[in-house]
Structure formats: structure tokens, C-alpha cells
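Student: Below you'll find the structure I mean.
None of the figures in this text is laboratory data; all of them are computed from the coordinates on show. Please read all numbers here as calculations on a predicted model, not as lab measurements.
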Amino acid sequence: MDTAVLERLLDDTFDHAVVHHGYTTYLRDYEVAIHATADPRTGIEPACLRYLFRYCVKAHCTSTVAPETWAVSLDDRLTDHESAADLDGYVWGVNCHSLYPGARLLPESEATRRWSQALGIDFHEVCIETDAHRITLLFSELQVSEVPVGYAPFVTD
């Protein structure tokens, strides 16, 4: 995948909201669902976009919430936006993460070279940073598509 195209697609995620991330149900690809909005004056309707990182051989997720904030954020009532209204601590129950500072392509690394050589296709590494998580992915291709608002890939009947 062309790195200039990849960088442009990642730049388009800045300051939107991650509403879901994780491996797909078939466990090969990693998806990040983003609720994209614009200033209402633009007339651009909100959209839910699925960023599908294909052939994802590594996914690493770390909390960016500081330990002192974690210490005051253990109350289960903080997992629900309504019950957290009068509590101190990090409110986990907002059900999305702000994509800030955003997503960026990382420089070529030993890991990207090793996987590229082993599989015969190009590999890239990306860092996606939100207000609560830092996600690092090692993958080959990125596909972006629109999905229905409220997209929840793991919901079962």
C-alpha cells in the first residue's frame, strides 16, 4: 500500500471518536470504528467509518490514563455515563475515545522488514492515540468503508 495514501487516510481520523476497536470475528484483521463529525455549518453529515487493518500480525493496546487517575477511577459506577455524573475520576462510560493526538504512520522497522520479507507483501506500523488508549498495529493494507451508525461488530442475538 502506498505510504502517502496511508498517511492521508490516517490524517482523516484526527479529532474524531473511536467507538470500537479490536480484531474482527475471523481474527486476522483489526478494525477501528470511528464516528466522524464536522462542524454543523459545513453541512457534512456525521458518518461511522470502519478502518480495517488487513493482515494484522501485531496489535498492542496500552492505557494512556495516568496511574493516579486510574487510582480514583476504579468505581464501577464510572462505567456508566449517567451513574458517573456526580463522581470524581475518569468516566469510562462515555463509550468512545477522542482520537487525539490521532493516528500516525511509524517509520520502517525491523519488524515491518521481517514480516514483509517473510510474506512477500509490504507491512506498515501505525500508532493510534486516543485520550484513553495507545494502539500499535503491524499490518499490510488499510481499507476504509462506511458502516451504519451504531456499528457493533460483536453484538450477538
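Student: Which value in Å is the Kirkwood Rh of the stretch 21-88 over different Cα pairs?
Tutor: 15.6 Å
Student: If every alpha-carbon in the stretch 66-111 counts as one equal scatterer, what log10 I(q)/I(0) does Debye give at q = 0.26, 0.29 1/Å?
Tutor: Debye intensities relative to I(0), on a log10 scale: -0.93, -1.04.
Student: In whole Hz, what ³J(HN,Hα) sequence does the stretch 84-95 give by Karplus (6.51, -1.76, 1.60; θ = phi - 60°), x for Gly and Pro?
Tutor: Calculated HN-Hα couplings, in order: 8, 3, 9, 9, 8, x, 6, 8, 6, x, 7, 6 Hz.
Student: Report the percentage of all Cα-Cα pairs in the stretch 93-157 whose separation exceeds 18 Å, rounded to a whole percent.
Tutor: Every Cα pair in the stretch 93-157 considered, those over 18 Å come to 56 percent.
Student: Against the globular-protein guess of 2.2 N^0.38 Å, express the Cα radius of gyration of the chain as a ratio, rounded to two decimals.
Tutor: Against the empirical 2.2 N^0.38 Å value, I get 1.13 for the chain.
Student: Please determine, in degrees from 0 to 90 and to the nearest 10, the orientation of helix 110-119 with respect to the longest principal axis defined by the Cα atoms of the chain, where the helix direction is its Cα long axis.
Tutor: Tilt of helix 110-119: around 60 degrees.
Student: Whole-Hz Karplus ³J(HN,Hα) for the stretch 134-141, in order, using 6.51 cos²θ - 1.76 cosθ + 1.60 and θ = phi - 60°, x for Gly and Pro?
Tutor: 10, 10, 10, 10, 10, 8, 9, 10
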